[in-house]
Amino acid sequence: MDLQDELKKHVAAKAADMVQPNMVLGLGSGSTAAFFVADVGRRVAAGELPGLQCVPTSFQASVLANRNSLALTTLNEVDRIDLAVDGADEVDPKLNLTKGGGGCHTEEKLVDARADKLVIVVDSSKLVERLGQKMPIPVEVLPLAYRQVEQKLTDMGGKPELRMAKAKAGPLITDQGNFILDTDFEHLSNPGQLEEQINNIPGVLDNGLFVGLADKVLVGEEENGKFHVREL
Ligand code: 5RP
């Protein structure tokens, strides 16, 4: 296992300790969240979490939940979500996030925004001074509207690029059957305002800016060969 995976594993284990019996738990997406799902699965198998119900944020999360024998439910079947644990692509000093590297940010935002408490699990490489510094902002769009959304994002000063699939010809298709425009905003100074502006464009489902949602960020770090988890 490489260093980054070791950090992800440690931070995921810390978050798994926060899960309590009878909770409704939001399961995030991505490789760090996958370690978390495996850890929760181990606690369920040990009989430590009776009554736990999980709401997935993607097909990836629901497949992993099935493999780890976690009971699944859906957004429309629950009255609340007690805790959601999710990964992120970038975390700024105010705990605002960029998400959607895995193309699941629309469903992730539905679950994460609904949770009473949102805990983000990252390794230290995800900390940035400014969102958009390391990766463009993913914007999920209806396929029939992608050209006009592309134009609007360009008018707003962005540089949108249609995300292409890796093992299929053509664009990546999200879990909801849409396209993603990865949009570079060189001078992103007000993420809250930009999040709203992008979501006001007709044809946009949601974008990967998560502003004011995270309650806690757990950061996996390594120093002199020792792993530890810092809480922000
Ligand atoms: C998927 C996401 C992921 O949470 C984000 O990309 C982080 O993934 P990883 O833990 O693999 O770095 O937002 O849409």
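The values are calculated or read from the model by the stated rules, or taken from the named source; none is laboratory data. Quantities reported herein were computed from a predicted structural model and do not represent experimental measurements. Positions of Cβ are backbone-derived with ideal geometry, glycine not excepted, and every protein chain shown enters the neighbour counts. Heads up: the accessible areas ignore ligands, DNA and RNA and are worked out on the full protein's heavy atoms, side chains in. Shrake-Rupley method; radii C 1.70, N 1.55, O 1.52, S 1.80 Å.
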**Prompt:** residue 44 fails exactly one of the following numbered conditions: (1) aliphatic (A, V, I, L, M); (2) assigned to a helix (DSSP H, G or I); (3) surrounded by fewer than 24 Cβ atoms within 10 Å (Cβ to Cβ); (4) within 16 Å of the ligand (Cβ to nearest atom). What is the number of that condition?
**Reply:** (4)
**Complete:** Scanning the range 96-109 residue by residue, the ones that are farther than 23 Å from residue 39 by Cα and outside any loop (DSSP other than H, G, I, E, B) total 3
**Message:** Let me confirm something: among 130, 147, which residue is among the basic types (Lys, Arg) and part of a helix (DSSP H, G or I)?
**Reply:** 147
**Message:** Tell me whether the range 76-95 contains one or more residues that are buried (at least 20 other Cβ atoms within 10 Å of the Cβ), assigned to a helix (DSSP H, G or I) and touching a Lys or Arg at 6+ places or on another chain (Cβ under 8 Å).
**Reply:** no
**Item:** Residues that are assigned to a loop (DSSP other than H, G, I, E, B) and buried (at least 23 other Cβ atoms within 10 Å of the Cβ), drawn from the range 50-69
**Value:** 57, 58
**Asked** Given the structure, is residue 205 in contact with a strand residue (DSSP E or B) (Cβ under 8 Å, 6 or more places away or on another chain), assigned to a loop (DSSP other than H, G, I, E, B) and not aromatic (Phe, Trp, Tyr)?
**Response** no
**Prompt:** Which number in (1) more than 11 Å from the chain's Cα centre (by Cα); (2) surrounded by fewer than 23 Cβ atoms within 10 Å (Cβ to Cβ); (3) more than 10 Å from the ligand (Cβ to nearest atom) marks the one condition that residue 131 misses?
**Reply:** (2)
**Asked** Among (1) away from the ligand (no atom under 16 Å from the Cβ); (2) open to solvent by less than 60 Å² (accessible area, probe 1.4 Å), which single condition is residue 119 missing?
**Response** (1)
**Request:** Spot the failing condition for residue 72; the list is (1) closer than 28 Å to residue 176 by Cα; (2) more than 16 Å from the ligand (Cβ to nearest atom); (3) touching an Asp or Glu at 6+ places or on another chain (Cβ under 8 Å), and only one is missed.
**Result:** (3)
**Request:** Kindly indicate whether residue 99 is within 12 Å of the ligand (Cβ to nearest atom), closer than 21 Å to residue 61 by Cβ and either out of contact with any Ser or Thr (no Cβ under 8 Å at 6 or more places or on another chain) or free of Cβ contacts under 8 Å to residues at least 60 places away in the same chain (or both).
**Result:** yes
